[in-house]
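The structure appears below as structure tokens.
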Amino acid sequence: TGENVTVLRKLTEQGKLGTDVIKKLMEEMGSRAIGAAADNMELYSGLLSNLIDRWTLFKKAIADAGWSTYVRQLMKDFSEQWDKMVEDGRLAKFAKTISDGFISMAEAVRASLSSICHHRCNKSSKHQFNLTSRLTLFWPIVFLLVSSREQRHDQSR
């Protein structure tokens, strides 16, 4: 419009700012925005934005080409199988097998640490034995902390 903000404000307050002036103002703002957007596309951030947009469109094309349908069906099948395993007890057996495996691994780690500390710390009595005891008692605490953290993370989803 060629007018500064103060003049435009006064015209607005006086009711003299007609649709023709508003239209010119909008056109000017649009042309400035287009120029700024074009300039921005040559900057790193603009080029990166374009690449991100293209990548998003590519992912959508892959999903629309059948991948999304396939994955949704896979998740439905998995859920149905999970429910069947809960009903017939296979999931509980599987959980027990995994738990037993974790316990076996933890016991092996504990035995290894105990053996290492026993052989390395054999010359001193009290202080080294305390170190061995602390190390062999420490691993279950770490395991419980990690497990409880993972459970909280799973429940928050």
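Laboratory data are not the source of any read-out in this text; all were calculated from the coordinates shown. Quantities reported herein were computed from a predicted structural model and do not represent experimental measurements. Here Cβ is always computed from backbone atoms with ideal geometry, including for glycine, and neighbour counts include all displayed protein chains.
Numbers for the structure displayed
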read-out	value
Label-point separation, residue 48 to residue 72 (7 Å along Cα→Cβ), nm	3.4 nm
Net lengthening on full extension, residue 58/residue 25 (0.36 nm per residue, minus Cα-Cα)	8.1 nm
